[in-house]
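Below is one structure, written out as structure tokens, with a few remarks after it.
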Amino acid sequence: MGENNTSFSIKTWNEDDRPREKLLVKGKASLSDAELIAILIGSGNKSESAVGLSKRILSHAGNSLKELGKKSIPDLLQFNGIGEAKAITILAAMELGRRRQAENVLERQKITSSQAVFEFLQPVIGDLPHEEFWVIYLNNSNKVLQTQQLSKGGITGTVVDVRLTMKTALQLGAVGLVLAHNHPSGTLKPSAADKQLTQKFKFAGESLDIKVLDHLIITEKTYFSFADEQLL
């Protein structure tokens, strides 16, 4: 290796600059986001180290892990040194982080408000480029019994099965439901279909003593609550 060669593998860096060794010696919290990503990808390219490449990838995501989690495989393949295997590894790590966040919210609190629903489901559907419709089944203590995706790509009555949803509620012993779907456009205004489907669920629940407690429209940063707006 010539003296002017600026391409170094992790093994040749000084100990303080080696992400793996730094994690072992100083702990995981001591590493920057770029250093953690460098551990995932293992190596950079001919002109930059793994950390350098990771910094560049993060920069293109606004230095935000949340934005990085929205990237697709083709997005990541645009970077020299990132092949399919490395791109998959990065996205898998982002998805694990998202799922951990959702688990922490579920363990931390009951679903007792529209804000709690938003905090629980935003990591699941808030950033999606397409619509998904979800239901949260609750017991009489407002604890989550189960969450379930009811449809993907739209929320018309033909793709959301109210009868099947209520059947599942009965099987779980649920006494309450919270409905939620996302609006990728960012708009918080409920459509006519949103309102009609909400009423359909409400009427079905009344005959079974299963209360529809709320219906949320969720976007990346905020939400609309049918209950808060007295539309239930």
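Here, each number is a calculation from the coordinates, and none is a lab measurement. Keep in mind it's a predicted model, so treat the numbers as computed, not measured. Quick reminder, even Gly has a Cβ in these numbers, built from the backbone with ideal geometry, and neighbours come from all protein chains shown.
In the stretch 19-102, taking the dipole from charged Cβ atoms about the Cα centre, the farthest positive-side position among ALA29, ILE39, ALA93 is held by ALA29.
For the chain, the longest principal axis of the C-alpha atoms and the axis of helix 84-108 are separated by about 50°. The order of LEU53, LEU188, going from fewest to most other C-beta atoms within 10 Å of their C-beta, is LEU188, LEU53.
Its Kirkwood hydrodynamic radius, worked out from the mean inverse distance over all distinct Cα pairs, puts the chain at 20.2 Å. Charges were assigned to the Cβ only: +1 to each Lys and Arg, -1 to each Asp and Glu. The resulting dipole of the stretch 111-225 about its Cα centre is roughly 240 debye. Largest first, the three principal axis extents of the alpha carbons in the stretch 111-225 are 35, 28, 18 Å in whole numbers.
When VAL144, VAL162 are arranged by Cβ crowding within 10 Å, least crowded first, meaning fewest neighbours, the order is VAL162, VAL144. Taking the charge dipole of the stretch 111-225 about its Cα centre, with +1 at Lys and Arg Cβ atoms and -1 at Asp and Glu Cβ atoms, the residue from LEU170, SER114, LEU188 reaching farthest to the positive side is LEU170.
On the beta carbon distance between LEU23 and GLU67, with R0 = 25 Å, the FRET formula returns roughly 0.55. In the chain, helices alone account for a calculated mean residue ellipticity at 222 nm of -13000 deg cm²/dmol, with every DSSP H run of four or more residues adding -39,500 (n - 2.57).
Neighbours of LEU170 by Cβ distance under 13 Å: Lys/Arg scored +1, Asp/Glu scored -1, total +1.
Would you mind checking the pairs LYS46/LYS86; LYS70/LYS221; LYS26/LYS66; LYS28/LYS110 and listing those with alpha carbons more than 19 angstrom apart? From LYS46/LYS86; LYS70/LYS221; LYS26/LYS66; LYS28/LYS110, over 19 Å: LYS26/LYS66; LYS28/LYS110. In plain terms, the chain from ASN139 to ASP75 could stretch by 18.8 nm, reckoned as 0.36 nm per residue minus the Cα-Cα distance. When PHE203, PHE118 are sorted by how many other C-beta atoms sit within 10 angstrom of their C-beta, beginning with the fewest, the order is PHE203, PHE118.
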